[in-house]
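Reading through the structure tokens given below for one structure.
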Amino acid sequence: MLLYITNNGGDLTIGEMAKRCRFEQNGTVSARLDELRFKRTIYGKIPRVLIIDGATYRVECSQKRKCTVSKRRVTCMAWVMVPANQMPSQLEIVLN
């Protein structure tokens, strides 16, 4: 979903992702996003590179903006997928 939104010129906050996935809590999306962003090792967190249909991507913050779902007046981080120039990690996603 994040790649599709990014390819169409958009970005998503955690609250917007949770609403689109019909999750009641943002923490569920936050945990999944963290797993997409980092690989945990004994040495700490290492940035993760994803392979989707043969192309490499990584998840990054594009900007801080107001969430369209949240009623609060705080800024939230909006996320996008950008091309990665690193060697891929162990996570590979192939869409048919």
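The values are calculated or read from the model by the stated rules, or taken from the named source; none is laboratory data. As the structure is a computational prediction, the values presented were derived from the model and not from experiment. We place every Cβ from the backbone using ideal geometry, glycine too, and count neighbours over all the protein chains shown. Side chains included, ligands, DNA and RNA excluded: accessible areas come from the protein's heavy atoms. Shrake-Rupley method; radii C 1.70, N 1.55, O 1.52, S 1.80 Å.
Return the residue satisfying two criteria in turn: it lies in the range 27-54 and is in contact with a Ser or Thr (Cβ under 9 Å, 6 or more places away or on another chain) and open to solvent by 40 Å² or more (accessible area, probe 1.4 Å), and of such residues it is farthest from Asn85 (Cα to Cα).
Looking at the filtered set, the residue picked out is Lys39.
Mind listing whichever residues of the range 18-48 are in contact (Cβ under 8 Å) with a residue 24 or more places away in the chain and of a type in the set (Lys, Arg)?
Lys19, Lys39, Arg48, listed by residue number.
In the range 55-81, what count of residues is obtained for those that are touching a residue at least 40 places away in the same chain (Cβ under 8 Å) and either farther than 10 Å from Thr13 by Cα or part of a strand (DSSP E or B) (or both)?
Result for the range 55-81: 11.
Quick one: Gly54 ticks every box in (1) over 21 Å from Leu95 (Cβ atoms); (2) at pLDDT below 90 except a single one, so which number is it?
Here Gly54 clears every test but (1).
Within the range 84-94, can one find any residue that is at pLDDT 90 or above and of a type outside the set (Gly, Ala, Ser)? So that I can check it myself, show each step before the final result.
Step one: of the range 84-94, the residues at pLDDT 90 or above are none.
Checking the range 84-94: not a single residue is at pLDDT 90 or above and of a type outside the set (Gly, Ala, Ser).
Counting only residues that are small (Gly, Ala, Ser) and part of a loop (DSSP other than H, G, I, E, B), which one in the range 6-40 is farthest from the chain's Cα centre (by Cα)?
It comes out as Gly9.
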